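Heads up: the structure comes next, in structure tokens.
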Amino acid sequence: MTRAKTFETGAAGAARDAMLAVRVHAPGELRVDELPVPVPAPGEALLRVLAAGVCATDRKLLSRGAPGGAARVLGHEIVAEVVSAPPGGPEPGTRVAVAPNLGCGRCDACAEGATNLCPDYRAFGIHLDGGMAEYLLAPAQAVEQGHLLHVPDALPTLEAVALEPLACCVEGLEASGLRPGESVLVVGAGVMGRLHVSAARAMGAGTVIVSDLEEARLEHARELGADVTVRADEPLGEAVTAATAGRGADVVAITIGVASAAEAALASLARGGRLNIFAGFPPDSAPLRLDANDVHYRRLHVVGTSGATKPTLRRTLALLAARRVPLGGIISSIRALHEAELAFREAGDLDQARVVLAPKGEVR
Ligand SMILES: [Zn+2]
Ligand SMILES: [Zn+2]
């Protein structure tokens, strides 16, 4: 990574004409650039970024490059303060969380608010410049179609920044038909696995079981509300049977792309149980073996989810605002923009939870 020339900070809160931005320029090439602060056209909003999460998608974009090979400001998990917005948009000075996937607005998916599934979707931090910068421009479409979600005063920025990844977990648990009191098995206790625990607790799950190889991650999962944790090298079926009085797990979330782990979890499902393939699997991974008779006679459901719809993001924000979601320790590191390279390294460390970039390295 090369560092742009030293940047002078101006008066707090005042928009300046230059800013730092973290961009991927080519596969593996991350730079902190000095760019002009975007100037909003009519209908657009200018946001001052408060925090942006570093997630696996950002690390994938860094290793592969942005679509079309463009130099792109990364970051789609964004909380920002409104500097200026058109009439009818959010009030200047208020905080917003960004629903990152913009859809065409016309297709069936968009009609349901599932802009993440629109064939022509464009996302902040992927197709549009994202939140790893001091300022962010929101296109008119984002303002008009309600992608700038008001963050209530009582909700801290460091919890609001978990909105997008948390909403993906809520989406998965809803797609799995989770009902209050039902048991949930989360396979993998990476940050998305741990956020599944938070989401399951907030959504009224009964027994929550988590499996992972690393005791430190399992310990954090317990702090977030997991009732039972299982080392991945121990027999999963026995542990689930014991934790559910012989019934099996009503809902399983697969948060790591490992076929053998998913197969073991399938065998741990209760009759009528639902399994969500939440994680992407590596292209060279072994195919998932599914026993057709097991699915047939035990009435199992296998679903998949990727991302979150706008309605889910809104409901998840309401859950956060109600302070119902255990999130202690989910932000494990806060770095300034000029520390982006370090932040991306930390984000790749499985012992970390969420690493957040904040323009000045702190979040108030
Ligand atoms: Zn993400
Ligand atoms: Zn669409």
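For the chain, modelled as a GNM with alpha-carbon contacts under 10 angstrom, which of 293, 116, 101 fluctuates the most?
293
What is the magnitude of the charge dipole of the chain about its Cα centre, with +1 placed on the Cβ of each Lys and Arg, -1 on the Cβ of each Asp and Glu, and no other charges, expressed in debye to the nearest 20?
Charge dipole, the chain, about its Cα centre: 440 debye, nearest 20.
Taking the Cα centre of segment 18-91 as origin, sum charge times position over the Cβ atoms of Lys and Arg (+1) and Asp and Glu (-1), and report the length of that vector in debye to the nearest 20.
Here segment 18-91 has a charge dipole of around 340 debye.
Determine ³J(HN,Hα), in whole Hz, for all residues of segment 95-105 in sequence, where each value follows from phi through the Karplus function 6.51 cos²θ - 1.76 cosθ + 1.60 and θ = phi - 60°; x replaces Gly and Pro.
With coefficients 6.51, -1.76 and 1.60, one gets 9, 10, 9, 9, 7, x, 9, 8, x, 5, x Hz.
Non-local amide H neighbours of residue 333 (under 5 Å, H modeled in plane, Pro and chain starts lacking H): which ones?
356
Please compute the Cα-Cα pair-distance distribution of segment 78-141 with 10 Å bins starting at 0, giving whole percents from short to long.
Pair shares across the bins are 21, 46, 30, 3.
Amide H to amide H, which residues 5 or more places from residue 50 or on other chains are under 5 Å from it, using H placed in the peptide plane?
When sequence neighbours closer than 5 places are left aside, the close amide H contacts are 79, 80, 81.
Applying the Karplus parametrisation 6.51 cos²θ - 1.76 cosθ + 1.60 with θ = phi - 60° to the phi angles of segment 357-363, what ³J(HN,Hα) value in whole Hz is obtained for each residue in order, glycine and proline being reported as x?
9, 10, x, 9, x, 8, 10
Using amide H atoms built in the peptide plane, which far-off residues or other-chain residues are under 5 Å from residue 302 H to H?
Under 5 Å from the amide H of residue 302: 275.
When the Kirkwood hydrodynamic radius is evaluated over all pairs of different C-alpha atoms of the chain, what value in angstrom, to one decimal, is obtained?
21.0 Å
Of the candidates 344, 124, 281, which one comes out as most mobile in a Gaussian network treatment of the chain with C-alpha springs shorter than 10 Å?
Its mean-square fluctuation being the largest, the pick is 281.
Mind checking which of 251, 295, 37 has the largest fluctuation in a GNM of the chain, springs on alpha carbons under 10 Å?
295
Which residues in segment 302-326 place their backbone N less than 15 Å from a point set 7 Å from the Cα of residue 107 along the Cα-to-Cβ direction?
306-310
Please tell me the relative contact order of segment 214-281 in percent, rounded to the nearest whole number, where contacts are Cα pairs under 8 Å and at least six residues apart.
The normalised contact order for segment 214-281 reaches 29 percent.
Give a residue-ordered list of calculated ³J(HN,Hα) values for segment 248-254 (Karplus: 6.51 cos²θ - 1.76 cosθ + 1.60, θ = phi - 60°; whole Hz; x for Gly, Pro).
x, 7, 6, 10, 10, 10, 8
Going by average Cβ neighbours within 10 Å, how do the peptides 346-356, 268-278, 74-84 rank, with the highest at the top?
74-84, 268-278, 346-356
For segment 173-298, just the Cα atoms, rotate onto the principal axes and tell me the three extents in Å, largest first.
Over segment 173-298, Cα extents along the principal axes are 37, 31, 26 Å.
Suppose we keep just the DSSP beta bridges with both residues in the chain; what percent of those would be antiparallel, to 5?
If we restrict to bridges inside the chain, about 55 percent are antiparallel.
Can you give the Rg to Rh ratio of segment 13-110, both from alpha-carbon atoms, with Rh computed by the Kirkwood formula?
A ratio of 0.99.
Given N residues in segment 220-364, what is its alpha carbon radius of gyration divided by 2.2 N^0.38 Å?
Normalised Rg, Cα atoms only: 1.27.
Computed from the coordinates by the stated procedures, all read-outs in this text should not be read as laboratory data. Predicted, not measured: the structure shown is a model, and the values here were computed from it. Because the Cβ atoms are built from the backbone with ideal geometry, glycine has one as well, and the counts that use them run over all protein chains shown.
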